[in-house]
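Remarks on the structure that follows.
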Amino acid sequence: MASDRRDRAVRAAVGQALLTEDRPVAALLDVAGVRASATALRAAFAAVTDAPVLHAFAVKASPLVPVLRLLYEAGLGAEVASPGELALARAAGVPADRVVLDSPAKTPAELREALDLGIAVNADNPQELARLDALVRRAPTRSPLGLRVNPQIGGGTIDALSTATATSKFGIALRDEGARARVVRAYLDRPWLTRLHTHSGSQGLPLSLLVTGVREVYELAEEINAAAGRHQVDTLDIGGGLPVNFTSDDQTPTYADYARLLADEVPGLFDGRYGLVTEFGRSLLAKHGTVLARVEYTKTSGSRPIAVTHAGVQVATRTVYDPVSWPLRIAVYDAGGRPKEGGPAVEQDVAGPACFAGDLLAVKRSLPLLEPGDIVAALDTGAYYFAHHYAYNSLTRPGVYGFVAGEDGAVRFATVRPPQTVAEIVAEAGGAHPGALLSG
Ligand SMILES: *Cc1c(COP(=O)(O)O)cnc(C)c1O
C-alpha cells in the first residue's frame, strides 16, 4: 500500500487502541487498495477481450469471510480447494456460479456436494474423472466440469511453489509418455467435459513462463476441439500466479502487463471463442496488508542489536522458515505510531516471540535503532501471512482490521477477525476435558 496511507493507518491503529500491551500484534488491511486491485484486474482483461471472464479469487490467499465479500462486491468470484474454503465462500454470499472447486484430494462427498450446488469443478487426475463419470450418470448437473493439466514448463525460483515442474503433484502431466493422447481421449469420451485448467504458479515465476503455460493449454483446447469436431472446450481456466514485488511499494508486474503479454503471445485466447476463468490470489491482497507488532525488549547478542517483537513465526511462517525465498520489508514506528526517523541506521535483527532460535522476521537489517515500545510493521503481508496463523507456542491469532482513510485524514477501522483470546486457545486445546487420557 502507499506509504502515506500506511503511516496514517498505523498512527490511527495506535490512537484507537488496536495495538496495546495486551494485544501486541494487529493486522491491517487497506480496503481501498484491495478494491483498486480488483478493479485493475477486471479492467486489464476487459481491455483485451469481450469474452466473459470469471475472476475467481484464490481463497487460500486470504481465507477471511469479509474479504471474500468485499471482493465479490468488487466483481470477483472464489476459487476454493477444501470444504472449509467452500464454506467460507458460501458464508460470504458468493453464488455457486461464481465458485470454482480445485483441489488434488476431493472426496466423493465433496464432489457430490459441488455437483449438487452447480459449482464448477476441475478434476485433477483420471481417478477423479472416474468419480465424476459416476456422479454425472447418477444425476444431471449444472456444474461446468474441467480437467487440470500440468504443462510441465518448468519451475520458478521457489521450488515449493512451482506447480508446473516435470514432477509436480498437480493435474495430468501433459508431456508424460502418451498423456496428451489420453487427455484428448478423455474429452472425446465425455461430452460434458467443457473446461481446461492450468495454474502455473506461483511467486518466483517470470511472466513469460506463466504465458507459456497458458499457451500450452490453449493449444491443447484447440487440439481437443479439432478432434471432437465441435467447440467442446468452451472455457479456459488459466489459474493465478502473478508474482508480487516484495521489495518496494510498486505494484509490478501489473495485471495489464500480463493481459497484454497474453494477448500478444496467445491471441486466440481472447478472440471470443473461449470464456475465461482466472484464479489470482497473492497479487490481489499482498500489497494491502501490514502486520504491526510492539517491540517488547531490545538487547545485543554477539554485539548484534536484536529487537524482540511479538510478530514472528505465528504470522510470518514462510519468512521465518525460508527467509531467502520470502524476505519481508520492515518499517518502523515509535510508540505513538509515528514513522521512526533520526539517528543512523543500525544493522539489527528483528526477532519474534517464539521459542526457537530461527524465529526472526529480519536478520542484519539496517533500520533506526529500535527501542522497547516501538512498533515494527511487516509490509506486503496481506496474502498468505496474517490470515495463515501458525499455532506455535500457543500464540494467539491477532485481530485483522480493515481500514478506510477519509479525505479529512480520519481513518476508520472495521473488524475483519477479532483477536483470539487465551480462553479460546485453551478450549481449542482440549480444555473442556482435561482428564480425557486418564480413564480407561
Ligand atoms: C494457490 C492457487 C492459486 C492462486 O495462486 P496465487 O499465486 O496466489 O495467485 C490459483 N489456482 C490454484 C489452483 C492454486 O492452487
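The numbers here are math on the coordinates, done by the rules we state, and not lab data. This one's a predicted model, so the numbers in the text were calculated from it and none came from an experiment. Neighbour counts run over all protein chains shown; Cβ positions are idealised from the backbone, glycine included.
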**Fill in**
For the chain, the longest principal axis of the Cα atoms and the Cα long axis of helix 108-117 enclose an angle in degrees, to the nearest 10, of 80
**Prompt:** With a sphere of radius 11 Å drawn around the Cβ of residue 2, what net charge do the other residues whose Cβ falls strictly inside it have (Lys, Arg +1; Asp, Glu -1)?
**Reply:** -1
**Request:** Considering only 16, 232, 314, give the residue with the highest GNM mean-square fluctuation for the chain, with springs between Cα atoms whenever their separation is below 10 Å.
**Result:** 16
**Request:** Based on the mean of other Cβ atoms within 10 Å per residue, sort peptides 341-349, 380-388 so the most packed one is first.
**Result:** 380-388, 341-349
**Item:** Rg(Cα) / (2.2 N^0.38 Å) computed for the range 32-284, rounded to two decimals
**Value:** 0.94
**Request:** Taking the dipole about the Cα centre of the chain, with the C-beta of Lys and Arg at +1 and of Asp and Glu at -1, give me whichever of 76, 33, 367 is farthest to the positive side.
**Result:** 76
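Near residue 243, within a Cβ-to-Cβ distance under 13 Å, what is the net charge of the other residues, with Lys and Arg +1 and Asp and Glu -1?
Details: positive: 282, 287; negative: 250, 257, 380.
Once positives and negatives cancel, what remains is -1.
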**Fill in**
In a Gaussian network model of the chain with springs linking alpha carbons closer than 10 Å, the residue among 208, 325, 303 that fluctuates most is 303
**Computed over the chain, Kirkwood Rh from alpha-carbon pairs, angstrom** = 23.2
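Calculate how many DSSP beta bridges within the chain are antiparallel, expressed in % of all such bridges and rounded to the nearest 5.
Within the chain, antiparallel bridges account for around 50 percent of the total.
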**Mean residue ellipticity (222 nm) of the chain, computed from DSSP H runs ≥ 4 via -39,500 (n - 2.57), nearest 500** = -9000 deg cm²/dmol
**Item:** Crossing angle, helix 207-228 versus the chain [Cα axis fit, 0-90 degrees, rounded to tens]
**Value:** 20
